[in-house]
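Structure record follows, encoded as structure tokens.
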Amino acid sequence: MNGPSPATGASEDVSIGVDALVARRRAGFALEQPFYLSDAVFRADVERVFLNAWLYAGHVSEIPHAGDYLTYEFGDASVLLVRAQDGAIHALANVCRHRGSRICMEHSGHVGKIVCPYHQWIYDHDGRLLAAKHMPADFDRSEHGLKKVHLRNLEGLLFVCLGDSAPDFSGIERDLAPQLRPHALANAKIAHRITYPMKANWKLAMENWRECYHCAVGHPEFCKVTGADRTFASARNRAQYDRRESEWRDKWNREGLLTKQVRLDPPSTFYTANRYALADGNATESMDGKPVAPLMGDLQDPEAGTLGVNIFPIFSVQVHSDYAFVLNMKPIDAARTSYETLWLVRADAQEGRDYDLKQLTEFWRITAEQDVALVEWNQLGVRSPHYAPGPLSTIEREYMEKFIEWYLWMMGACHVTQQ
């Protein structure tokens with residue numbers, strides 16, 4: 001996939017700087033047009049947000065053996081995730097320390113040692129330089145290992161930070177890991193993956209993900225199983241849902257499932273978690289609400305609700321009793337986003353015996369494709385000269401507004417830090 005590049009045809013008022021746009025944003029309203037179209041804003045997004053955030057790079061099941069590697073690419077950056085002989089996973093810049101050649105060209109593979117194809121400098125799996133022929137006598141190999149990239153492993157989900165310094169991960173480990181652990185995502189495998197080339201800005205995609213104002217009409221299948229349309233229809237329905245949710249939380253707590261709700265609270269908290277109940281009679285997010293794969297981890301009860309976890313700016317996982325659905329977006333330019341989806345099942349589950357791939361994937365495939373269409377329509381409208389930021393609904397203000405607040409904080413604070 002190509003890295004970030006200028007968005008063709010995107011209009012922008014060059015007289016208005018990025019910082020001025022951030023400063024004048026009107027609370028409770030959608031963002032101004034340049035946030036979704038401007039090449040300058042997109043470059044600031046990359047520099048101020050994405051280079052200072054934790055980005056999902058892969059799952060441990062993709063590199064099960066020593067010497068297995070996986071590449072993660074974002075823009076011009078390429079990172080090698082390599083499993084060493086001792087089982088440890090290392091994140092290394094995929095750039096030779098000699099003259100900068102890209103080393104591993106494939107998305108994934110296996111190497112005895114990491115060898116640069118240009119001049120055959122040889123590195124160990126932890127990045128140490130082992131051999132460099134024809135170098136001067138005073139050449140110190142210890143000073144020329146592959147550069148390390150920040151890496152964290154969250155219950156089998158691998159995250160990297162491409163910047164020189166990385167945000168504190170301890171809150172994620174404290175608040176999210178205990179809630180994910182009963183589902184044993186580290187002992188899962190990728191059953192299927194679909195990537196959609198979305199013709200829209202990444203922020204429109206995230207704003208759509210953060211609100212369910214559109215769900216009743218946009219996602220009828222989703223609403224049938226989750227009851228989201230009825231939940232938000234009236235204050236009375238919301239109160240009934242809250243009472244039922246409380247009963248389910250008591251049940252989950254008795255079964256050892258943690259239910260601490262974590263809300264986005266910029267700048268300190270850049271992640272969220274919430275285990276929520278589905279509509280009556282539904283155990284998982286499938287077309288008929290019935291389990292579609294073997295229960296994960298040590299779970300004994302299929303009615304574990306859905307644990308929704310978000311790590312901003314672009315990662316989300318919906319964890320059920322029987323599978324997990326991962327959404328990971330990757331911005332390409334101001335008008336294009338790679339919308340990556342994948343499904344995790346327990347590692348020993350066999351397709352055709354333990355699960356049917358169509359039944360496993362249909363619910364979120366339909367929902368994702370609906371979202372892609374909705375967001376692309378949104379992008380077309382935002383491009384219009386008649387676009388103006390409209391007021392957010394009460395539903396959107398509950399979650400989407402917080403995402404915008406966090407994004408604007410990153411755009412402002414990280415810019416100040418870099419000065």
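The values are calculated or read from the model by the stated rules, or taken from the named source; none is laboratory data. Computed from a predicted structure; not experimentally measured. Please note: Cβ atoms are built from the backbone with ideal geometry, for glycine as well, and neighbour counts cover all protein chains shown.
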Tally, over segment 160-176, of residues that are surrounded by 14 or more Cβ atoms within 10 Å (Cβ to Cβ) and of a type outside the set (A, V, I, L, M, F, W, C): 5
Residue within segment 340-350 that is outside any helix (DSSP H, G or I), more than 27 Å from residue 62 (Cα to Cα), modelled with pLDDT of 95 or more and small (Gly, Ala, Ser) present: no
Residue that is surrounded by the fewest Cβ atoms within 10 Å (Cβ to Cβ) [pool: residues in segment 194-226 that are among the basic types (Lys, Arg) and not in a helix (DSSP H, G or I)]: 199
Leading residue by the ranking (modelled with the lowest pLDDT) among those in segment 369-419 that are part of a helix (DSSP H, G or I) and among the aromatic types (Phe, Trp, Tyr): 399
Close pairs from segment 215-227: first under 13 Å from residue 286 (Cα atoms), partner among the basic types (Lys, Arg), Cβ under 8 Å, at least 6 apart: 223/230
Close pairs (6 angstrom Cβ cut-off, 6 or more residues apart or separate chains): in contact (Cβ under 8 Å) with a residue 60 or more places away in the chain and surrounded by 21 or more Cβ atoms within 10 Å (Cβ to Cβ) in segment 269-280, of a type in the set (A, V, I, L, M, F, W, C) and assigned to a strand (DSSP E or B) anywhere: 271/311; 273/262; 273/309; 275/307
Conditions (1) part of a helix (DSSP H, G or I); (2) at pLDDT 95 or above; number of the one not met by residue 239: (2)
Residue selected from segment 282-314 under the condition of a type in the set (Gly, Ala, Ser) and in contact with an Asp or Glu (Cβ under 7 Å, 6 or more places away or on another chain), by the criterion modelled with the highest pLDDT: 293
Output for segment 281-299, where each listed residue is of a type in the set (A, V, I, L, M, F, W, C) and surrounded by fewer than 17 Cβ atoms within 10 Å (Cβ to Cβ): 287
So residue 405, is it touching a residue at least 60 places away in the same chain (Cβ under 8 Å) and more than 26 Å from residue 163 (Cα to Cα): no
Residue count for segment 37-57, restricted to those that are farther than 27 Å from residue 385 by Cα and either among the hydrophobic types (A, V, I, L, M, F, W, C) or out of contact with any Cys (no Cβ under 7 Å at 6 or more places or on another chain) (or both): 9
Filter pass, residue 366 being at pLDDT below 95, assigned to a helix (DSSP H, G or I) and surrounded by fewer than 18 Cβ atoms within 10 Å (Cβ to Cβ): no
